[in-house]
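The values are calculated or read from the model by the stated rules, or taken from the named source; none is laboratory data. Small disclaimer: the values here were computed from a predicted structure and weren't measured. As a convention, Cβ positions derive from the backbone with ideal geometry for all residues, glycine included, and neighbour counts pool all protein chains shown.
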Amino acid sequence: MQIRGFTERLADRLARQLLRWLHRRVEPGSREWLDALTAESECADNGWQRLRWALGAVPLVWTINRRRHMNEATRGTVRARFAPGVANVAAIAGWYAVIIPATYGAARFFHCTLYFGDQPGGCQEHPFVFGSIVLGGAVLGMLTALAWRARFAAYWWAVFSVVNTVGFVWFLGSGIADVPRYGATQSAMLMAATFGVVLAAIMRETLSRRSIAAHLIAGTISFAAADSLIRIRDSQLAADNVNHYAVLGSAVFAAILAGLIGRYGSRLSAKGPMDRTPTERSL
Amino acid sequence: MPRLPNTSPQTLSVLELLLESPRSWHYGYALSQLTRLKSGTLYPILMRLADQGLLETRWAESEQPGRPPRHTYRLTAEGAKTARAKLAETAPAKMPRRLASVTGGR
């Protein structure tokens with residue numbers, strides 16, 4: 001009974017903390033709907049209900065901020081056009097600045113060598129090294145991006161973390177111990193998809209009208225760049241095939257993602273700036 | 001093909017509920033319980049409906065002292081008209097279960 005009471009109080013506290021934290025993530029002029037949800041949280045019968053209710057504020061804040069961002073982006077100021085794109089690129093570059101030294105640091109810590117083949121003494125003897133670095137790095141990248149308010153990069157790293165988790169579990173489950181090659185393939189996918197997405201982000205922020213052709217070019221460039229890099233590093237035919245498909249797949253993914261962004265952005269720009277809510281207008 | 005606006009089952013269930021008493025003010029928590037929608041689904045729908053001029057919003061003092069004012073909602077005249085039209089247009093398969101039982105799944 002005491003434990004139940006404790007967990008309920010904990011859930012209640014978490015709910016209130018979450019709402020307070022989210023409140024700070026929304027501009028004062030756009031808080032009407034979050035305030036509405038927060039006020040209704042008082043109707044919850046217990047802490048767990050309140051926490052479930054408060055969790056709904058996360059997608060709500062995402063919606064509010066996305067709409068505000070779209071409104072700002074269509075205003076046409078230089079800052080609105082370039083600042084988010086630069087922040088996104090900086091966030092992703094910052095992630096690389098952490099992940100590359102971390103990879104080499106971990107290899108040194110485990111006294112192994114970073115081989116892209118199946119040589120003895122390579123990091124394949126420590127299969128969780130790359131997994132932990134890549135997953136930890138992706139989460140770190142997401143947090144960095146959120147701290148810099150580079151939402152696009154944050155969502156990108158969130159998706160990447162999920163994809164990597166699934167991929168890594170599948171890879172370990174398959175019984176293949178060639179983690180360095182998996183690492184190389186992951187790097188190829190990361191490079192290709194990131195490059196495509198960064199280009200798309202820049203275009204999204206800087207162009208008033210996006211075309212699907214421009215995004216396909218971004219995907220093609222990313223494919224060519226990553227593929228050539230991988231071929232320099234790993235000349236084995238099998239690895240080339242694996243990396244070729246990985247890079248091709250991720251480039252296509254980047255192009256599709258970029259196309260979707262462009263389509264969404266075009267639909268918004270065709271409609272014109274979104275109106276503010278009646279309450280926001282009166283503020 | 002892009003989906004028509006305000007035709008998702010979730011939006012239809014909100015419209016249906018609001019249409020049951022179009023001149024009354026509704027609370028978000030009650031709407032969530034009656035439609036079984038989570039707050040993260042319900043509020044973006046309410047936001048969108050309000051932006052489209054289909055929903056009127058108002059802050060009302062809470063009946064319980066010490067609690068913050070509550071946001072309340074009701075359909076505008078245009079909203080009621082649109083809701084009726086959308087609910088009538090919607091295919092039975094996409095209709096909310098509550099509505100389908102009322103109309104006999106028409």
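Laid out as a table, the results:
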quantity	calculated
In the stretch B:28-49, the residues that are farther than 20 Å from residue B:85 by Cβ and more than 7 Å from every other protein chain (Cβ to nearest Cβ)	B:30, B:31, B:32, B:33, B:34, B:36, B:37, B:41, B:42
Test: residue in the stretch B:5-27 that is crowded, with 16+ Cβ neighbours inside 10 Å and either within 11 Å of chain A (Cβ to nearest Cβ) or under 13 Å from residue A:40 (Cα atoms) (or both)	yes
Spans of helices (runs of 4 or more DSSP H) in the stretch A:1-111 with at least 3 residues away from chain B (no Cβ under 14 Å) and modelled with pLDDT under 75	A:57-73, A:78-109
Whichever residue in the stretch B:50-91 is surrounded by 19 or more Cβ atoms within 10 Å (Cβ to Cβ), closer than 18 Å to residue B:29 by Cα and of a type outside the set (Gly, Ala, Ser) and, among such residues, is farthest from the other protein chains (Cβ to nearest Cβ)	B:75
Set B:40, B:53, B:28: member being of a type outside the set (S, T, N, Q) and touching a residue at least 40 places away in the same chain (Cβ under 8 Å)	B:28
